[in-house]
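In what follows, a single structure is set out as structure tokens and then discussed.
All of the numbers you see were taken from the coordinates with simple rules; none came from a lab. Bear in mind the structure is a predicted one, so any value in this text is a computation, not a measurement. Using ideal geometry, Cβ is built from the backbone for each residue, glycine included, and neighbour counts are taken over all protein chains shown.
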Amino acid sequence: MSLNKKELNFYKKNGYLVKEKLISNKEINKINSLIDKIINKEEKKKTKIKNLGGSYNNNFVYNSNSSNKREILRLNNPTYYNKLFFNLSRNKKIINIAKKLLGGSVRFHHCKLNFKLPSKKGGEVSWHQDWAFYPHTNDDLITVGVYLEDCYEENGPLQVIPKSHKQKIFSHHNKSKEFVGKICEKINSKNKKSLTGKAGTVTFHHVRTVHGSGLNLKNSKRPLMLFGYTNTDAWPLTVDASINPNDNFKKYNQCIIVGKKTLVPRFEKVPLIIPLPKKNVSIYQLQKKN
Ligand SMILES: O=C(O)CCC(=O)C(=O)O
């Protein structure tokens, strides 16, 4: 199952796309069994953490520092953690679509597995553009979300503002000029769309699309795997949680899934705001600041 012209045009116009049930139940079930094991093992541990464990270097981000009541909000870099997650990030159906949406080549950028815990335990993710976190020389970057359980309105699905990828880059800095990972000004969200679907449904949104998510009103964890991909000629302008060419050029090139190595970035006239000063913490902590 690939992408037809109508879907490609829809993505170009609106900055997002949903492919219902792209991943089979068999694959989803295997991944969910693995996740259950990981969570059970981790939540039993009573290791001391601070700062919600939420720096890039830690595997897990929690909703509390207290070992008695903490639950996992995020597994950082799941593709390094287990081959099953890596294989999902290289899934042919996902990559074929990403290739078309990115314009012909695909480089893996980053990955995270988000759990939206019930109600305030999980909280909301405020409106933001991924582009604010990792600006590149052009904006052929995409975020792909895989729902690992059915996700409907009441589960706190991803929400997007259609056509926002063609508009400005919003400031993600607060009044004190700190990078807080959210849009602080009031935005028009009248036309927001919730990206819902059964387990195995895959969402695609452009790196400049304004998005976020509301509360999970159910007693579930709403697992959502998020993969970031770039065109190979989009060169990072800052250091972020992904592999940086200046630190490890070999590994950076090993992230190419479709296309060839290049030393020639493509520059486009794209709006940019550099996300500095930035703290090495997760979006959950960043967005708590006003
Ligand atoms: O997990 C969510 O609901 C949204 C997360 C998100 O947008 C992000 O991590 O950038």
Set the bar at 30 Å for Cα to Cα. Now go through LYS21/LYS46; LYS50/LYS198; LYS192/LYS221; LYS121/LYS175; LYS21/LYS289 and name every pair that lies beyond it.
LYS21/LYS46; LYS50/LYS198; LYS21/LYS289
Comparing TYR81, TYR134, TYR11, which has the greatest mean-square fluctuation in the GNM of the chain with Cα pairs linked when under 10 Å apart?
TYR81
Find the centroid of the Cα atoms in segment 207-252 and in segment 96-156, then give the distance between the two in whole Å.
6
Once the dipole of the chain is set up from charges on Cβ (+1 Lys and Arg, -1 Asp and Glu), the residue from the list ILE256, SER213, THR238 lying farthest towards its positive end is SER213
Length-normalised contact order of the chain in % [C-alpha pairs under 8 Å, at least 6 apart]:
28
I want to verify the translational diffusion coefficient of segment 124-188 in µm²/s; compute it with Stokes-Einstein, Rh as the Kirkwood radius over Cα pairs, at 25 °C and 0.890 mPa s.
177
Between LYS193, LYS116, LYS251, where does the largest GNM mean-square fluctuation fall for the chain, given springs only between Cα atoms within less than 10 Å?
LYS251
Taking amide H positions as placed 1.01 Å from N in the peptide plane, with prolines and chain starts having none, which residues 5 or more places from LEU73, or on another chain, fall under 5 Å of its amide H?
VAL61, TYR62, ASN63
Among GLY228, GLY145, GLY104, determine the one that fluctuates most according to a GNM of the chain built with springs between C-alpha atoms less than 10 Å apart.
GLY104
When averaged across all projection directions, what area in nm² does the alpha-carbon convex hull of the chain cover?
14.6
Can you give the calculated 222 nm mean residue ellipticity of the chain, where each DSSP H run of n ≥ 4 adds -39,500 (n - 2.57) and the sum is split over every residue, rounded to the nearest 500 deg cm²/dmol?
-6000 deg cm²/dmol
